[in-house]
Amino acid sequence: MERKKKITEQPSHFDHLEKMSVMELLLHINEEDYRVAEVVKKALPQIEALVQAIEPRMKRGGRLFYIGAGTSGRLGVLDASELPPTFGVPETWVMGIIAGGDKALRHAVERAEDISEQGWKDLLEYHPTKDDTVLGIAASGTTPYVVGTIRQARQNGLLTGCITSNPDTPLAQESEYPIETIVGPEFVTGSSRMKSGTAQKMVLNMISTTLMIRMGRVKGNRMVNMQLTNDKLIDRGTRMLQESLGLSYEEARERLLEVGSVSSCL
């Protein structure tokens, strides 16, 4: 029986791309990107439900795992890797797992996403507990590596969610908290690194940033727990202390470098 074509695989709204000028290409890509934010806005209730379910688990010591293949996997690893320097949290709070391992971050690993049992095996290396959450990321909603992991995680009592760009997918059916961002056909037919990837990046930013705020890693609107890994961040932290404590720039910088973080100085 012929499979129903996924929305993410349907023909682009635009054709004869090779005949367009540079400005025409840029304009139409931008037009398509405008649709993404509206689609993500419609998914806010789904995102809210997932975050509210994750928060108490993280406060009990649970972790958040992103799992995906290809572009989806890379976006998960990217979001997870940005949290320790931004919010000063351990690398173990939020982790990204990609089909094919770290090599797949730069190179395609042939057929890695087609092995449905492998994702759970990869996750087992981290000794998951029932306070952990697994978020599957797959534009198609059918990637075996991701679907299989979510199925096994749910069967073993972990909280499960997903981000997908197609409705009523196997991935959504396996997840307790599915997030569906139906962005429509891609500008280049089937290239889910475009609108689908943009939607995934937006949703991941929302989830992780909201969780970090709820976990007390932000004060006011400032990243008071950021790691002081370069001159720019030291300068930013120094100015935060200047404003908060009424110190001179030199006094604030000296105190910051002595203590090690803005939050510890306040």
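Quick one: ranking ARG193, ARG214, ARG151 by accessible area, 1.4 Å probe, largest first, what do you get?
Most to least solvent-accessible, the answer reads ARG193, ARG214, ARG151.
Given a 1.4 Å probe, how much area per residue of the chain is accessible, in Å²? It would help to have the intermediate numbers written out before the result.
Numbers: 14100 Å² over 266 residues.
Ligands and nucleic acids excluded, the figure is 53 Å² per residue.
Rounded to the nearest 500 deg cm²/dmol, what is the calculated helix-only ellipticity per residue at 222 nm for the chain, with -39500 (n - 2.57) per DSSP H run of length n ≥ 4? Walk me through the intermediate numbers first.
Working: 10 runs with 129 residues, N = 266.
It comes out at -15500 deg cm²/dmol, rounded to the nearest 500.
Might you work out the accessible area of ARG255 for me, using a 1.4 Å probe with all protein chains in place, and round it to the nearest 10 Å²?
100 Å²
Apply the Karplus parameterisation 6.51 cos²θ - 1.76 cosθ + 1.60, with θ equal to phi minus 60°, to every residue of the range 13-22 and state each ³J(HN,Hα) to the nearest whole Hz, in sequence, with x for glycine and proline.
6, 10, 9, 6, 4, 5, 9, 7, 6, 4
Among DSSP bridges having both ends in the chain, what percentage is antiparallel? Round to the nearest 5.
Working: 1 of 20 bridges.
Antiparallel: roughly 5 percent of the beta bridges in the chain.
Select from GLY96, THR71, THR129 the residue farthest towards the positive end of the dipole of the range 59-134; place +1 on Cβ of Lys and Arg, -1 on Cβ of Asp and Glu, and compute about the Cα centre.
The residue sitting most towards the positive pole is THR129.
Quote the relative contact order of the range 69-223 in percent (integer), defining contacts as alpha-carbon pairs under 8 Å separated by 6+ residues. Display every interim value, and only then the final one.
Working: 254 pairs, mean separation 32.4, N = 155.
This gives 21 percent for the range 69-223.
Sorted by accessible area (1.4 Å probe), largest first, how do LYS42, LYS130, LYS219 line up?
Working: LYS42 165, LYS130 140, LYS219 120 Å².
The ranking, largest first, comes out as LYS42, LYS130, LYS219.
Can you tell which of ASP114, ASP231, ASP102 shows the greatest fluctuation in a Gaussian network model of the chain with Cα springs below 10 Å?
ASP231
Given +1 on the Cβ of Lys and Arg, -1 on the Cβ of Asp and Glu, and no further charges, what dipole in debye does the range 47-150 carry about its Cα centre, rounded to the nearest 20?
Once rounded to the nearest 20, the dipole reads 120 debye.
Once you order the gyration tensor axes a ≥ b ≥ c over the Cα atoms, which shape class does the range 135-232 get: rounded for a/c under 1.5, otherwise prolate or oblate by comparing a/b with b/c? Don't jump to the answer; show the numbers that get you there.
Working: a/c = 2.61, a/b = 1.49, b/c = 1.76.
Note, shape of the range 135-232 comes out oblate.
Over the chain, what is the relative contact order in percent, taking alpha-carbon pairs closer than 8 angstrom and at least six residues apart? All intermediate terms of the calculation are to be shown ahead of the outcome.
On the way: 471 pairs, mean separation 58.4, N = 266.
Contact order relative to length: 22 percent.
Say we join alpha carbon atoms closer than 10 Å with springs in a Gaussian network model of the chain; which of GLN242, GLN200, GLN227 then has the biggest fluctuation?
Looking only at GLN242, GLN200, GLN227, the biggest GNM fluctuation is shown by GLN242.
Considering Cα pairs under 8 angstrom that are at least six residues apart, work out the relative contact order of the range 156-266 and quote it in whole percent.
Details: 106 pairs, mean separation 16.5, N = 111.
Computed over the range 156-266, the figure is 15 percent.
Once the dipole of the chain is set up with Lys and Arg at +1 and Asp and Glu at -1 on Cβ about the Cα centre, which of VAL39, VAL22, SER263 lies farthest towards its positive end?
SER263
To the nearest 10 square angstrom, how much accessible area does TYR177 have with a 1.4 angstrom probe?
Approximately 70 Å² of TYR177 is accessible to the 1.4 Å probe.
Gaussian network model of the chain, Cα springs within a sub-10 Å range: biggest mean-square fluctuation belongs to which of ALA172, ALA80, ALA49?
ALA49
For VAL36, VAL259, write out the residues from largest to smallest accessible area, computed with a 1.4 angstrom probe and no ligands counted.
Numbers: VAL36 0, VAL259 70 Å².
Accessible-area ranking of VAL36, VAL259, largest first: VAL259, VAL36.
Rounded, prolate or oblate: which fits the range 79-127 when a ≥ b ≥ c are the square roots of the eigenvalues of the alpha-carbon gyration tensor, with rounded for a/c under 1.5 and prolate only if a/b beats b/c? Mind showing how you got there, number by number?
Values: a/c = 3.81, a/b = 1.67, b/c = 2.28.
Verdict is oblate for the range 79-127.
Between rounded, prolate and oblate, where does the range 30-171 land on the alpha carbon gyration tensor, with a ≥ b ≥ c its root eigenvalues, rounded for a/c under 1.5, else prolate if a/b exceeds b/c?
Numbers: a/c = 1.28, a/b = 1.06, b/c = 1.20.
In terms of gyration-tensor shape, rounded.
Mind grabbing the accessible area of SER116 for me, 1.4 Å probe, Å², rounded to tens?
Rounded to the nearest 10, that gives 40 Å².
Under a Cβ-only charge scheme (Lys and Arg +1, Asp and Glu -1), can you give me the dipole magnitude of the chain about the Cα centre, in debye to the nearest 20?
Working: 32 positive and 35 negative charges, 103 e Å.
My answer is approximately 500 debye.
Could you size up the charge dipole of the range 181-254 around its Cα centre, putting +1 on the beta carbon of Lys and Arg and -1 on that of Asp and Glu, and report it in debye to the nearest 20?
On the way: 11 positive and 7 negative charges, 81 e Å.
With Lys and Arg at +1 and Asp and Glu at -1, about 400 debye.
Of MET226, SER208, PHE187, which is farthest along the charge dipole of the range 178-264 in the positive direction, counting Lys and Arg as +1 and Asp and Glu as -1 at C-beta?
Among MET226, SER208, PHE187, the one farthest towards the positive end of the dipole of the range 178-264 is PHE187.
When the accessible area of the chain is split by element with a 1.4 Å probe, what percent falls to carbon and sulfur?
Details: 6910 of 14100 Å².
C and S fraction of accessible area: 49 percent.
If you average the alpha carbon positions of the range 142-164 and of the range 52-83, how far apart do those two centres end up, in angstrom?
Here the answer is 13 Å between Cα centres.
Equivalent-ellipsoid semi-axes (√(5λ), Cα gyration tensor) for the chain, whole Å, largest first?
Details: eigenvalues 255, 121, 52 Å².
Its equivalent ellipsoid spans semi-axes of 36, 25, 16 Å.
The values are calculated or read from the model by the stated rules, or taken from the named source; none is laboratory data. Note that this is a predicted model, so its numbers are computed, not measured. FYI the Cβ positions are ideal-geometry reconstructions off the backbone, even for glycines, and counts take in every protein chain you see. What goes into the accessible areas is simple: the full protein's heavy atoms, side chains included, and nothing from ligands, DNA or RNA. Shrake-Rupley method; radii C 1.70, N 1.55, O 1.52, S 1.80 Å.
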